[in-house]
Every structure is written in C-alpha cells, then in structure tokens.
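Colleague: Handing you this structure, nothing more for now.
The values are calculated or read from the model by the stated rules, or taken from the named source; none is laboratory data. Because the structure is a prediction, the values reported are computed rather than measured. Here the Cβ positions follow ideal geometry from the backbone for every residue, glycine too, while neighbour counts run over all protein chains shown. All accessible areas refer to the heavy atoms of the entire protein, side chains included, with ligands and DNA or RNA removed. Shrake-Rupley method; radii C 1.70, N 1.55, O 1.52, S 1.80 Å.
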Amino acid sequence: MPAATRRTALAAGLSLLTGVACAASTPSLEALASRHRLVFGAAIEPGDVEADPDFARLVRSQCGLIVAENALKWMALRPSPDRFDFDAADRVAAIARVQGARLHGHCLVWHEAMPDWLRRDLRPDNAERLLIEHIETVVRRYAGTAVSWDVVNEAVERNDGRPDGLRVSPWLRALGPAYLETAFRAAHAADPAARLVLNDYGLEYDDETWMVEKRGTMLDLLRGLVRRRVPIHALGVQGHLIGHRAPAYGRGLTEFLRAVAGLGLEIHVSELDVDDQKVAGTAAVRDRIVAEHYARFLETMLHDPAVSRVVTWGLSDRYTSKTFLSPRADGAPVRPLPFDADLAPKPAARALAGVIAGRRA
Ligand code: G3I
C-alpha cells in the first residue's frame, strides 16, 4: 500500500477509534472487521475478564471472537491421566456466550504446556488412544460453541533435522508424522462443523532465511495434508512480531499466502502482538514503532482475500503474557498490544483499524 494511501487509511483508523474508550457510539474493531470480510478477536484469560468489568467491556466492544490463551491446553485440562478439569475452559466459553462472541479453541496438540504425567507416560503403545480420547472429549464438549480449533500447534522445526522438517515433538516420537492426520481426523469426527487449523510461528519475515525456509516446509506439509484429504481448513500465522527489527513483510510473504490460499485454505493472523522488549525510547516512541509493525504486517496479510481472521494475543497491555515472557531490562511495562494498560486505544489500535478500513471490499 503506497505511503499516501497508508496515511489515509491510518487517518481513517484514527477517526474510527478516537472515541473507543467510551466504546458505545464508536465502531469497534470487530464491527469494522465484519464490514471487510474479517473477524477480529483476542486471546484472554478468564480471570482477567471476570475480575475487571472495564476490561470485560473492552473485550465485548472490540471482539467478535475469543481465544482461550491457556485454558484449553493439556496443562490446564489434564491434571492427571484419568481426569479432565474444564473449569477454566468452561469459564472462557461462558464469557464468549455472554459477550455474543465466537470461541476459538487453542490448542489440541502441542509440544509445550504438556502436563508432567503426559511427558513421562507418552509411548508408542498408548499415544494414539490418549490423543484421540483427548480430542474427542474436548471437541465434543464445545461443539456448537467453539467455531474452530488450533488442532496442531507449531509442528514445523527444521532445526530438528528431519527431511520433512517436522518438529521431533513427544507426539512425533510416539506416533510418527501420522499424528497430524490422526489429530485432524479425530477433531473433524468430534465436530464436523468446526474449522480446523494448523498454527505456527516464524513465517512472517522475508529477510530471515530460516523463516523463508520454514514457509517452504510448511507448504510441503500443507500440500501433503490436502492431497490426503485430511480435514484441514486454515493455516494460522501467529504474527508474534519483533519491534526492534525492521519490518520485512513483503513479496515473499505475499507469495507464501497466495500459495497457501491456492490449496483452498483460509489464513488466520492468529496471535498478533509486537514485542517491544528491546525497543528503545519513551512509551510514545515505542507505541509509534509498535503501530508501524501492526500496519506494515497487516497491509501485507490483509491484501490477501484468503485472510479471514485477525486475533491479537491479548487486547490490552494491562494483561499480556509478554510481561513475564519478555520483560524489558529497564523494567518499564511492555506495550505489545492495541490498547494500553488504561484500556485506551494506542496508535496500534488505530493502525489496525486503518488497515482493516483500507481493505479492498
Ligand atoms: O496459572 C499458573 C499459575 O497458577 C502459577 O502460579 C504460575 C507460575 O507457575 O503459572 C501459571 O501458568 C502459566 C500460564 O501461562 C498462565 O499464566 C504458565 O506457567 C506459563 O507457562 C503459561 O505461559 C503461556 C505459554 O503460551 C505456555 O503455555 C502464555 O501465557 C501464553 O501466552 C503462551 O502462548 C503461546 C501460544 O499458546 C502458542 N504460540 C506462542 C504463544 C506465546 O508464547
């Protein structure tokens, strides 16, 4: 998008969101997104919404989709081999229902957030039963509430040295590459209406060789799944952007998105935030840099009509896992998200709105 057009789009975003703090009369990101073939949402922790009515109102005013940041992971759901704990997940589902938002389930199979017993006990002779039983139980419970699932998260890791570039996760060690197909087929059988997603990071930057190579590996993986008629509907591009490096979301990303769309798949921006841990300057300076990354990345992503969803990994700097995952050396609060810790829109929110508003109808 030429600079002049971008400035116009950002100005449009500014006008759309200047009053969002009072929420009521100003179109929300979701209201704007829905006019441009998009769903906008955010990841949340149930406790943050339940304990903070102001934040609950912001989530309700801005989000048409809610993602369980942690409540639907094995670590939260499976305290022991013979027990499911759905408390946190049910609370997220209740929040979605009360707020009239759709629920996205994250994530059914991942090499992290595995309870100790699973890491210890997972073996070739029990893995398929554990995997299918988990997926069937969880997906059936939220059938009709969860519209989609990250079925497998972060399956590609070329540094693990396999010719197919797959991550040598506990699931792959136990079941081989077939675990992916098994997981997607189990999820589809449990809820045929749910949209099923393969979600991953490290696909965003044209000037990172490992990311360019990972895109190729991901395309090969997706082609194989589609060829074998595995029920997969979308690729999730996480979008954890790095604020202290130059934006590089260009032709390579555009061509990658076109190739994914050419397989008949939707594309989700699934975990968007901008890490400002190593960005120098005042809050205002950092906010401007963060907003530029939101704008540049989304200009490229939303240029592709196959992109149907933008989800930020949190909504406000008041609640972000980057506080403990990526703290600043100077101790200043991190500022990765569209709304600040006072729940007011930041330049990033305006950038988001501007790029969405500028999307070809
Ligand atoms: O809830 C417990 C709390 O009871 C305990 O006192 C505390 C200290 O041990 O831990 C709390 O759980 C933490 C949980 O976040 C909730 O805050 C876990 O330790 C911590 O590991 C977990 O981190 C999450 C991480 O995934 C690992 O599951 C982050 O919040 C979450 O933002 C992050 O999200 C991931 C996506 O799922 C996949 N893509 C990358 C993304 C960012 O890392």
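Colleague: If Glu136 meets every condition in (1) within 16 Å of the chain's Cα centre (by Cα); (2) farther than 28 Å from Leu272 by Cβ; (3) of a type in the set (Asp, Glu) apart from one, which number is that one?
Modeller: The single condition Glu136 does not satisfy is (1).
Colleague: Within the range 115-132, track down each residue that is surrounded by 12 or more Cβ atoms within 10 Å (Cβ to Cβ) and out of contact with any helix residue (DSSP H, G or I) (no Cβ under 7 Å at 6 or more places or on another chain).
Modeller: Across the range 115-132, the qualifying residues are Trp117, Asp121, Asn126, Leu130.
Colleague: Same structure again: For the range 31-140, give me every one of the helices (runs of 4 or more DSSP H) that falls completely inside it and has 2 or more residues that are more than 16 Å from the ligand (Cβ to nearest atom).
Modeller: Details: elements: 46-51, 53-62, 74-77, 87-99, 116-121.
By residue number, 53-62, 87-99, 116-121.
Colleague: Among the residues of the range 222-264, which ones are away from the ligand (no atom under 16 Å from the Cβ), touching a helix residue (DSSP H, G or I) at 6+ places or on another chain (Cβ under 8 Å) and at positive phi?
Modeller: Gly264
Colleague: Something else about it: Tell me, yes or no, whether the range 323-334 has at least one residue that is of a type outside the set (A, V, I, L, M, F, W, C) and buried (at least 21 other Cβ atoms within 10 Å of the Cβ). Write out each step before concluding.
Modeller: Keep residues of the range 323-334 that are of a type outside the set (A, V, I, L, M, F, W, C), which gives 323, 326-328, 330-331, 333.
Those left that are additionally buried (at least 21 other Cβ atoms within 10 Å of the Cβ): none.
The answer is no, given that none of the residues of the range 323-334 is of a type outside the set (A, V, I, L, M, F, W, C) and buried (at least 21 other Cβ atoms within 10 Å of the Cβ).
Colleague: Related question: Consider the range 143-194. How many of its residues are within 16 Å of the ligand (Cβ to nearest atom), under 14 Å from Thr217 (Cβ atoms) and out of contact with any helix residue (DSSP H, G or I) (no Cβ under 7 Å at 6 or more places or on another chain)?
Modeller: 2
Colleague: Residues that are over 22 Å from Val59 (Cβ atoms), more than 16 Å from the ligand (Cβ to nearest atom) and not in a helix (DSSP H, G or I): does the range 336-357 have at least one?
Modeller: There is no residue in the range 336-357 that is over 22 Å from Val59 (Cβ atoms), more than 16 Å from the ligand (Cβ to nearest atom) and not in a helix (DSSP H, G or I).
Colleague: Additional query: Return a yes/no flag: does the range 61-75 have any residue that is in contact (Cβ under 8 Å) with a residue 12 or more places away in the chain, over 22 Å from Asp342 (Cβ atoms) and touching a Cys at 6+ places or on another chain (Cβ under 8 Å).
Modeller: Yes; the residues of the range 61-75 include at least one that is in contact (Cβ under 8 Å) with a residue 12 or more places away in the chain, over 22 Å from Asp342 (Cβ atoms) and touching a Cys at 6+ places or on another chain (Cβ under 8 Å).
Colleague: Test each condition in (1) more than 23 Å from Arg60 (Cα to Cα); (2) free of Cβ contacts under 8 Å to residues at least 40 places away in the same chain; (3) part of a loop (DSSP other than H, G, I, E, B) for Phe324 and report the one that comes out false.
Modeller: Phe324 satisfies every listed condition except (3).
Colleague: In the range 153-166, what count of residues is obtained for those that are open to solvent by 30 Å² or more (accessible area, probe 1.4 Å) and either in contact (Cβ under 8 Å) with a residue 60 or more places away in the chain or basic (Lys, Arg) (or both)?
Modeller: Looking only at that region, the number is 2.
Colleague: Further question: Does the range 302-321 contain any residue that is open to solvent by 30 Å² or more (accessible area, probe 1.4 Å) and either within 16 Å of the ligand (Cβ to nearest atom) or touching a Leu at 6+ places or on another chain (Cβ under 6 Å) (or both)?
Modeller: There is at least one residue in the range 302-321 that is open to solvent by 30 Å² or more (accessible area, probe 1.4 Å) and either within 16 Å of the ligand (Cβ to nearest atom) or touching a Leu at 6+ places or on another chain (Cβ under 6 Å) (or both).
Colleague: Which residue out of Glu112, Glu69 is under 25 Å from Ala234 (Cβ atoms) and either in contact with a Pro (Cβ under 9 Å, 6 or more places away or on another chain) or buried (at least 18 other Cβ atoms within 10 Å of the Cβ) (or both)?
Modeller: None of the others qualify; the one that does is Glu69.
Colleague: Any residue that is touching a Leu at 6+ places or on another chain (Cβ under 7 Å), of a type in the set (D, E, K, R) and under 30 Å from Pro192 (Cα atoms) - is there at least one of those in the range 223-234?
Modeller: The answer is yes, given that some residue of the range 223-234 is touching a Leu at 6+ places or on another chain (Cβ under 7 Å), of a type in the set (D, E, K, R) and under 30 Å from Pro192 (Cα atoms).
Colleague: Looking at (1) among the acidic types (Asp, Glu); (2) under 20 Å from the mean Cα position of the chain (by Cα); (3) open to solvent by 10 Å² or more (accessible area, probe 1.4 Å), find the lone condition where Asp150 falls short.
Modeller: (3)
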